[in-house]
Amino acid sequence: MTIETYSPEETFEAAKKLAEKIKPGQVITLDGDLGVGKTVFTKGFARGLEIEEPVTSPTFTIVQEYTDGKLPLYHFDAYRVSDPDEMFEIGFEDYLYGGGVCIIEWASLIEELLPKDIIRISIKKDNEKGFNYRKIEINGIEKETAL
C-alpha cells in the first residue's frame, strides 16, 4: 500500500489511522533518510494508540517506552547501534514479545534480530512534488488493517 502526504499533519494523521487498527504484538519497521518524518509518523501513531505524553526520538537512548495508551508503544532507534548484540542488553526480546507495539527506526541495522511477520514502512521525499511531500510505502499489512 502506498500513501502520499503533502504536510507533516497529513503524515501524522495517516499514522494515527494505522495505529487505530493495529494489533498487540505487532512489530513495525520505519525506514527513511534523516529528516524524512519518521518521528512525525511515530507521534501520529502514538496518538492513534491514545498516548498523550510527548513522543521524542530515542536516538541516544535506543528505546522510549510509552505505556499510558490502549497498548504500550516501544519506540526504538537503531541508528547508533554499532553491534546488534547491544539490543539484547536493553531487553529487546522482552519488548518484541511483551504484548505492546514496537516501532523500530533504522531497522535495517538490526535486520537479523527481527521476527518474520512485521510491517515494513518506508518514507521517502520527492522535492519535485513539494518540500513536504512524502511517499509512505507500507508492506506486510493485512487488508483489514489497511488505511
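The values are calculated or read from the model by the stated rules, or taken from the named source; none is laboratory data. All values derive from a computational prediction rather than experimental measurement. Neighbour counts are summed over all protein chains in view; Cβ atoms, including those assigned to glycine, are modelled from backbone coordinates with ideal geometry. Only protein heavy atoms, including side chains, enter the accessible area calculation; ligands, DNA and RNA are left aside. Shrake-Rupley method; radii C 1.70, N 1.55, O 1.52, S 1.80 Å.
Laid out as a table, the results:
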| item | result |
| --- | --- |
| Selection within segment 12-36 - open to solvent by 20 Å² or more (accessible area, probe 1.4 Å), assigned to a loop (DSSP other than H, G, I, E, B) and closer than 19 Å to residue 133 by Cβ | 33, 34, 35 |
| Residue match in segment 81-90 (condition: farther than 17 Å from residue 105 by Cα and either of a type in the set (D, E, K, R) or free of Cβ contacts under 8 Å to residues at least 60 places away in the same chain (or both)) | yes |
| Segment 44-90, residues that are β-branched (Val, Ile, Thr), open to solvent by 10 Å² or more (accessible area, probe 1.4 Å) and out of contact with any His (no Cβ under 9 Å at 6 or more places or on another chain) | 59, 61, 62, 67, 81, 90 |
| Failed condition for residue 115, given (1) within 17 Å of residue 23 (Cα to Cα); (2) part of a helix (DSSP H, G or I) | (2) |
| Single condition residue 106 does not satisfy, out of (1) on the phi < 0 side of the Ramachandran plot; (2) touching a residue at least 60 places away in the same chain (Cβ under 8 Å) | (1) |
| Of all residues making up segment 72-114, the number that are touching a Leu at 6+ places or on another chain (Cβ under 6 Å) and small (Gly, Ala, Ser) | 2 |
| Qualifying position, being in contact with a Leu (Cβ under 9 Å, 6 or more places away or on another chain), open to solvent by less than 10 Å² (accessible area, probe 1.4 Å) and either more than 22 Å from residue 9 (Cα to Cα) or at pLDDT 95 or above (or both), among 119, 141 | 119 |
| Qualifying residue in segment 77-94 (condition: modelled with pLDDT of 95 or more, within 15 Å of the chain's Cα centre (by Cα), within 24 Å of residue 141 (Cα to Cα) and not in a helix (DSSP H, G or I)) | no |
